[in-house]
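Colleague: Handing you this structure, nothing more for now.
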Amino acid sequence: MRLKTISTLAGYELRSSLRNRWFLLYALAFAVLAVALSSLSLTGAGMFGFAGFGRTAASLINLVLLIVPLMGLTIGAQSLASEREKGTLAYLLAQPVSRAEVLWGKFVGLGTALLAALLLGFGLSAAVIAWQGGVVEAQQYISLVGFSLLLALVTLSLGIFLSAWSRSSALAVGLALFAWLALVFIGDLGLMSTAVAMKVKIQTLFGLALINPLQVFKIAAVNSLRASLEILGPAGIYATRTYGDALITLLVSVLLVWVLVALGAAYLRFRVEADF
């Protein structure tokens, strides 16, 4: 692979994202909601400080769990499928570029645009907190932002994987929306129902939680706030007692594995796909 080619393709994807009305709408929605939640979380608080910041951070975590996966999945889902449908992908592959370079170029370009949009929202949120007299716990806030960015890359790679297997943009987006619903809603409800119906062991329940990247993000974000994982139930308590300080390393590793596995699976499909 040639880094110059990947950089060129990434730049093209970045510029295309900035002209994409859906991407701009996502970015605007995230920024507005982040600012609104930060402002509302501090309104009426009798005493600012960590308590006020903790409430704001909890609101931002819930916002990230809903919006960021939707952004990453749908943007990634359109990456290959839309160009395949238009016929531009065949033209691109006719040039002296490899499929790996095309895939990495799209991931880097779309990832840069996605991360920039999230950083804008989080930056405005921090500015609102400071403007209203709140206190931003810098280390915890940076950790929250970092885990959010990592979750965005995970869902983007999953979206690209779905796009590699889809023959049309509509199918890819449909699969992305289904995956979003499954990760956001079925994940929590499925774990709860499984735990109740099958009376699974705590370590098994924690293992099942690691399968869902949104659950991994939630555990990591709550832990980064120096809050007790008891609010996440028995699995949270088990994670704290079993892994201790190594828990964050484990969770970050799981998210990174998600990125690599999804992109690897997308490349395997993309490489053997001959009919564009």
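The values are calculated or read from the model by the stated rules, or taken from the named source; none is laboratory data. Please read these numbers as outputs of a predicted model, since none were measured by experiment. Every residue, glycine as well, gets a Cβ built from its backbone with ideal geometry; the counts of neighbours run over all protein chains shown.
Colleague: Taking the conditions exactly as written (crowded, with 24+ Cβ neighbours inside 10 Å and either touching a His at 6+ places or on another chain (Cβ under 9 Å) or farther than 12 Å from SER79 by Cβ (or both)), does LEU158 satisfy them or not? First the steps, then the outcome.
Modeller: Details: crowded, with 24+ Cβ neighbours inside 10 Å: yes; either touching a His at 6+ places or on another chain (Cβ under 9 Å) or farther than 12 Å from SER79 by Cβ (or both): no.
For LEU158, the condition - crowded, with 24+ Cβ neighbours inside 10 Å and either touching a His at 6+ places or on another chain (Cβ under 9 Å) or farther than 12 Å from SER79 by Cβ (or both) - is not met.
Colleague: State yes or no: is GLY123 at pLDDT 90 or above and either under 21 Å from ALA265 (Cα atoms) or over 18 Å from the mean Cα position of the chain (by Cα) (or both)?
Modeller: It is false that GLY123 is at pLDDT 90 or above and either under 21 Å from ALA265 (Cα atoms) or over 18 Å from the mean Cα position of the chain (by Cα) (or both).
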